[in-house]
Amino acid sequence: MPKRILVVDDEPDVLNATILILKEHGFVATGAQSGKDALKFLKQERDIDLILLDYFMPEMDGLELCEKIKSDPETRDLKCALLTVASPADIGEEAMDRLEIVEFIQKPITEDFISRINKLIKA
């Protein structure tokens, strides 16, 4: 059964390119352009193996979205990873630990992207 990934990014080109790369490697990938859209999607669909979150988004950044996901009993066990241009120092180690962010992947996507995704889903 293909693994399901939700990609959350406010930039349509980045969102669509990431989804395309994931689909080309056999994943079922869905996108949301905002934290609000992601939460709406997760109310309907909880069978997700990984959520890739951008950090810099208007209205609700990636950490705020992750906090909402982790505070909901229905979604708290979902794995969240950051896919962002931010640096780990921008995010902070404490926040990443507190929110159980499983990985930090810096944009642009590099050739090890799919192997990192596979490791996260298997973990």
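At a glance:
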| read-out | value |
| --- | --- |
| Charge dipole magnitude, Cβ of K and R +1, D and E -1 - the chain, Cα centre, debye nearest 20 | 540 |
| Net charge of neighbours whose Cβ lies under 14 Å from the Cβ of E94, counting Lys and Arg as +1 and Asp and Glu as -1 | -4 |
| Contact order normalised by residue count of the chain, Cα under 8 Å, 6+ apart, percent | 22 |
| Three-way shape label, the range 58-123, alpha-carbon gyration tensor, a/c 1.5 | oblate |
| Order by protection proxy (mean Cβ within 10 Å, highest first), peptides 51-59, 33-41, 9-17 | 51-59, 33-41, 9-17 |
| Computed [θ] at 222 nm, deg cm²/dmol, the chain (DSSP H ≥ 4; -39,500 (n - 2.57); rounded to nearest 500) | -12000 deg cm²/dmol |
| Tensor-based shape of the range 4-122 (alpha-carbon gyration tensor, a/c under 1.5 rounded, otherwise prolate or oblate) | rounded |
| Where labels lie 7 Å past Cα in the beta-carbon direction, separation of E64 and V85 in nm | 2.0 |
| Formal net charge of residues neighbouring V14 (Cβ-Cβ distance under 13 Å; K, R +1; D, E -1) | -4 |
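FYI, it's all coordinate maths here, none of it is from the lab. Computed from a prediction, not measured in an experiment: that's the story for all the values here. FYI the Cβ positions are ideal-geometry reconstructions off the backbone, even for glycines, and counts take in every protein chain you see.
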